[in-house]
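Everything on this sheet refers to the single structure shown next.
A short reminder: the numbers here are calculations on the coordinates, not readings from a lab. It should be emphasised that the depicted structure is a prediction, and the values quoted were computed from it without experimental measurement. Cβ placement follows ideal geometry from the backbone for every residue including glycine, while neighbour counts extend to all protein chains displayed.
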Amino acid sequence: MNQKELSELTNEELLQEAKKIKSTNIYDAVIFGFLIGVAVYSAVKNGFGLLSFLPLIYIPISVKNKAKHKELERLLKERGLA
């Protein structure tokens, strides 16, 4: 769902999306933490290699989720729901 579609949602649908985003933020943090753990373990065990840079692959996904969250928060404030 892109930003254009977010603006077309009803108030109730926006509130449902806000609930989904909260759980998405938790999942992003857990996944990123796990990937950092794998990278640190790999760097300590085998030196720097491919797995050491694994968290860098997840950064664009996390940034996209964060941008969607900001747009959703802006829409909620604009409509007086937050």
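Laid out as a table, the results:
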{"item": "Qualifying positions in the stretch 65-82 - among the small types (Gly, Ala, Ser) and over 19 Å from the mean Cα position of the chain (by Cα)", "result": "Gly80, Ala82"}
{"item": "Subset tally (residues that are surrounded by 14 or more Cβ atoms within 10 Å (Cβ to Cβ) and under 13 Å from the mean Cα position of the chain (by Cα)) for the stretch 26-64", "result": "5"}
{"item": "Search result, residues across the stretch 50-78 that are among the aromatic types (Phe, Trp, Tyr) and closer than 21 Å to Glu5 by Cα", "result": "none"}
{"item": "Matching option when the condition is in a helix (DSSP H, G or I), within 18 Å of Leu81 (Cβ to Cβ) and among the aliphatic types (A, V, I, L, M), among Leu15, Leu35", "result": "Leu15"}
{"item": "Where Leu9 falls short, out of the listed (1) aliphatic (A, V, I, L, M); (2) part of a helix (DSSP H, G or I); (3) surrounded by 12 or more Cβ atoms within 10 Å (Cβ to Cβ)", "result": "(2)"}
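Residue-by-condition table, conditions (1) without any contact (Cβ under 8 Å) to a residue 24 or more places away in the chain; (2) among the hydroxyl-bearing types (Ser, Thr, Tyr):
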| site | (1), (2) |
| --- | --- |
| Ser7 | no, yes |
| Gln16 | yes, no |
| Lys22 | yes, no |
| Ile26 | yes, no |
| His69 | no, no |
